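**Q** This is the structure I have questions about; it appears just below.
The values are calculated or read from the model by the stated rules, or taken from the named source; none is laboratory data. These numbers were taken from a predicted model, which means no experiment stands behind them. Here Cβ is always computed from backbone atoms with ideal geometry, including for glycine, and neighbour counts include all displayed protein chains. We work out accessible area using only protein heavy atoms, side chains counted, and drop any ligands, DNA or RNA first. Shrake-Rupley method; radii C 1.70, N 1.55, O 1.52, S 1.80 Å.
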Amino acid sequence: TAVSLLLFDDAADERPAVEIPLDPGLNRTGDAWHIEIDGIGPGALYLFRVDGPHDPARGHRFDPRAMLLDPYAKAVAGPSGRRKGVVVSDEFDWQGDRPPGRPLSRTVIYETHVRGLTRHPSSRVAHPGTFRGVIEKLPHLVDLGVTAVELMPVMEFDELANPRVNPLTGGRLRNYWGYDTIAFFAPNQGYASDRAPGAAVAEFKEMVRAAHRAGIEVILDIVFN
């Protein structure tokens, strides 16, 4: 019944700098709410408030106090529990990139984890545990005869979703695998060597471009939990 756009100055902020209520007569077409804001560009941080009936028996649990992440956000920034959507530019120099298009009968798939592939010092990369780290390991994969790399979930997920602790140290255990996606269109910010809001998008595209240049296709493992 009502939607507001929340704009933030910093990814860690708990309160919006600006809240803009949408006009249902102007900013709604059918069931789709929309708004265009002059002056907003790449790097802008945002969330939404959504109001409506609260009737759990019928599946309605609207809460106007909750600040909601855009499920179509192309990038996410901020700590666990305070993530914000990030406006990103779709411009990227693909340099004529094309997927190799190799037949499956001639495909050798290497399944791996972006962080696990290069996190250990023995990987000897300059950007361990990141998309750029994967780029650094491409020559190794080529030497192995790999023609396609299948990446375990690369979309944004909550690394602090695991409530358990290490019984030996008492330290908080982290969610390593990422099979509980928060934003299906946003590369995981934790896999970017550059932690600026939205930087993971360009790094992910650079990884795909470099893999294709090496003759390696990229397959994404996506689980719609």
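**Q** With N residues in the range 17-157, what two-decimal value do you get for its Cα radius of gyration over 2.2 N^0.38 Å?
**A** Relative to the rule-of-thumb radius for its length, the range 17-157 sits at 1.49.
**Q** I've got another one for you. Sequence-distant or interchain residues sharing an amide H contact under 5 Å with N188, placed H: which?
**A** M155, E156
**Q** Then there is this: Which value, in Å² and to the nearest 10, is the accessible area of T169 when all protein chains are kept and the probe is 1.4 Å?
**A** Counting only protein heavy atoms, the figure is 110 Å².
**Q** Now a separate question. Indicate the gyration tensor shape class of the range 1-48 (rounded, prolate or oblate), computed on the Cα atoms with a ≥ b ≥ c the square roots of the eigenvalues: a/c under 1.5 is rounded; otherwise a/b larger than b/c is prolate and the rest oblate.
**A** Prolate, since a/c reaches 1.5 and a/b exceeds b/c.
**Q** Now for a separate question. For the chain, modelled as a GNM with alpha-carbon contacts under 10 angstrom, which of Y46, Y176, Y191 fluctuates the most?
**A** Y176
**Q** Place a point 7 Å from Cα of T1 in the direction of its Cβ. Which residues in the range 53-74 have their backbone N less than 13 Å from it?
**A** Counting backbone N atoms under 13 Å from the label point, the list is 53-55, 61-64.
**Q** Separate question: Could you work out how far helix 131-144 tilts from the main Cα principal axis of the chain, as a 0 to 90 degree angle to the nearest 10?
**A** 30
**Q** For the range 1-86, taking Cα atoms only, what is the radius of gyration to one decimal and the Dmax to the nearest whole Å?
**A** 13.5, 42
**Q** While we're looking at this one, here's another question. Taking a cut-off of 21 Å between Cα atoms, list the lysines near K74, but don't count ones fewer than 8 places away on the same chain.
**A** Counting by Cα, and skipping residues close in sequence, K74 has these lysines nearby: K84, K205.
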